[in-house]
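Q: Have a look at the structure that comes next, please.
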Amino acid sequence: MAPDALQLSQKLGISHAAAELYLTSCVVDLHVESYSFYRALGYDLRKRHGLGLNRALLFGQADLPRLREASIAGATWVITANPLRPEADRAHTFFRQLSELTALLEEEGTARVVGDARQFEQARAEGKHAAFIGVQGANALPLDLEFLTQIAPQVLRITLMHMSDSAFGHTSAPGLRRADVGLTPRGFTLVEAMNALRIGVDLAHIHPRGFWDAVRVHRSDLPLLVTHTGVSGVHRHWRNLDDAQLRAVAKSGGVVGIMYHALYMGDPLLRGRVATVARHIQHAVQVMGDDHVALGSDWDGLICTPRDMPTCLELPRLVEALLQLKLPEISIRKILGRSFLRVVKLLRDSS
């Protein structure tokens, strides 16, 4: 059972105002990776986990029981591509994984997989965690784009790139980075096909040239997403967005989710602090406006979370940090969930 504001403030050492604001907001996360560790290590997202011997470093940061305990209304649960999978196996493997993830989420009756904002509200009215489905790395998909029509109702968004190059374009990751490459012709076609089906185009992990290629070809009446990133205005890093990129996402009506990995935030790997995440959010709000900023934790995505916010249970400490930066309550409510749900409505409910 979720605590009340007094219990939460005492448990986490935050103000009653922060606890109350958190508990009365609709909290939604843009990027949860727990299913990847289910596939790799059997990490059961249906069971409540503790910090473990790894102290929630790299994984063990989220599961359904703790997300519900933390009053997190919804999240995008991600299927991450295996870049080595042969083309002939991709469709079968993806449908198997989609079926498996859906079953894991819905088996206990406490969550429901949803595809748009109306379904989200229905799930919440039933007291269930609302689970959107995302794909990280379009190389999870067959090159035959007709496949997209089969998955469009269930998949909210696709992150075009991940940590390796693919037939669709090039990653931002160093070592593979090239000075002047972006989307391939197949990548342009992919963006156009996703637009036609109103599948969200997620530009996390993409090479800067590919980012601007996607902006150029993307439909101007649909919002872009960058679901989990930091911002270079606080800490320059190959994984983070600069101010021009932030403004381009805002111009599209889209949203940027700020992630929690210490190195991308600019903290030492094992000494991340929630205050640093709050500064990234503050900068994004200053550049984009609060309608375009959200939470994109990357929980269980091989990240080192802030040591004062190691798991989803400590998320209210981020609200305290945002209040200390003098962000208005209405802005914080948008960041916690409203901004993302606005984008979901534009993308899926306005068709």
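The values are calculated or read from the model by the stated rules, or taken from the named source; none is laboratory data. Keep in mind that this is a model prediction, so the values were computed, not measured. Cβ sites come from the backbone with ideal geometry, for glycine too, and all protein chains shown count toward neighbours.
Q: Quick one: which helices (runs of 4 or more DSSP H) lie wholly within region 304-351 and hold at least 3 residues that are farther than 13 Å from Asp291 by Cα, of a type in the set (A, V, I, L, M, F, W, C) and modelled with pLDDT of 95 or more?
A: 316-324
Q: Kindly establish whether Pro268 is in contact with a helix residue (DSSP H, G or I) (Cβ under 7 Å, 6 or more places away or on another chain), free of Cβ contacts under 8 Å to residues at least 24 places away in the same chain and surrounded by fewer than 24 Cβ atoms within 10 Å (Cβ to Cβ).
A: For Pro268, the condition - in contact with a helix residue (DSSP H, G or I) (Cβ under 7 Å, 6 or more places away or on another chain), free of Cβ contacts under 8 Å to residues at least 24 places away in the same chain and surrounded by fewer than 24 Cβ atoms within 10 Å (Cβ to Cβ) - is met.
Q: A follow-up question, please. Quick check: anything in region 1-14 in contact (Cβ under 8 Å) with a residue 24 or more places away in the chain and outside any loop (DSSP other than H, G, I, E, B)?
A: Taking every residue of region 1-14 in turn, at least one turns out to be in contact (Cβ under 8 Å) with a residue 24 or more places away in the chain and outside any loop (DSSP other than H, G, I, E, B).
Q: Only one residue in Ser9, Ser25, Ser34 is within 16 Å of the chain's Cα centre (by Cα), small (Gly, Ala, Ser), surrounded by 19 or more Cβ atoms within 10 Å (Cβ to Cβ) and closer than 23 Å to Tyr260 by Cα. Which one?
A: Ser34
Q: Which of the residues belonging to region 80-129 are of a type in the set (A, V, I, L, M), part of a helix (DSSP H, G or I) and within 18 Å of the chain's Cα centre (by Cα)?
A: Leu98, Leu101, Leu105, Ala117
Q: In region 87-120, how many residues are surrounded by fewer than 14 Cβ atoms within 10 Å (Cβ to Cβ), farther than 20 Å from Glu33 by Cα, of a type outside the set (A, V, I, L, M) and free of Cβ contacts under 8 Å to residues at least 60 places away in the same chain?
A: Residues flagged as surrounded by fewer than 14 Cβ atoms within 10 Å (Cβ to Cβ), farther than 20 Å from Glu33 by Cα, of a type outside the set (A, V, I, L, M) and free of Cβ contacts under 8 Å to residues at least 60 places away in the same chain within region 87-120 amount to 4.
Q: Further question on the same structure: So Asn195 fits all but one of (1) in contact with a Lys or Arg (Cβ under 7 Å, 6 or more places away or on another chain); (2) not in a helix (DSSP H, G or I); (3) not aromatic (Phe, Trp, Tyr); what number is the exception?
A: In the conditions (1) in contact with a Lys or Arg (Cβ under 7 Å, 6 or more places away or on another chain); (2) not in a helix (DSSP H, G or I); (3) not aromatic (Phe, Trp, Tyr), Asn195 misses (2) alone.
Q: Provide a single number: the residues in region 37-60 that are in a loop (DSSP other than H, G, I, E, B) and either among the small types (Gly, Ala, Ser) or surrounded by fewer than 14 Cβ atoms within 10 Å (Cβ to Cβ) (or both).
A: 10
Q: May I ask you to list the residues in region 205-232 that are closer than 23 Å to Val277 by Cα and over 20 Å from the mean Cα position of the chain (by Cα)?
A: none
Q: Just the residues that are within 27 Å of Glu329 (Cβ to Cβ) and surrounded by fewer than 24 Cβ atoms within 10 Å (Cβ to Cβ), please, taken from region 289-304.
A: If the condition is that a residue be within 27 Å of Glu329 (Cβ to Cβ) and surrounded by fewer than 24 Cβ atoms within 10 Å (Cβ to Cβ), then Gly289, Asp290, Asp291 are the ones that fit.
Let's see how each residue does on (1) within 16 Å of the chain's Cα centre (by Cα); (2) surrounded by fewer than 23 Cβ atoms within 10 Å (Cβ to Cβ):
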| position | (1), (2) |
| --- | --- |
| Arg239 | yes, yes |
| Gly257 | yes, no |
| Val319 | no, no |
| Lys326 | no, yes |
| Ile330 | no, yes |
| Arg333 | no, yes |
| Leu341 | yes, yes |
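Q: Quick check on my filter: what residues within region 136-148 are surrounded by 12 or more Cβ atoms within 10 Å (Cβ to Cβ) and either part of a loop (DSSP other than H, G, I, E, B) or at pLDDT 90 or above (or both)?
A: Residues satisfying the conditions are Gln136, Gly137, Ala138, Leu141, Pro142, Leu143, Leu145, Phe147, Leu148.
Q: Pick from His129, His170: which is crowded, with 17+ Cβ neighbours inside 10 Å, over 29 Å from Cys26 (Cβ atoms) and touching a residue at least 40 places away in the same chain (Cβ under 8 Å)?
A: His170
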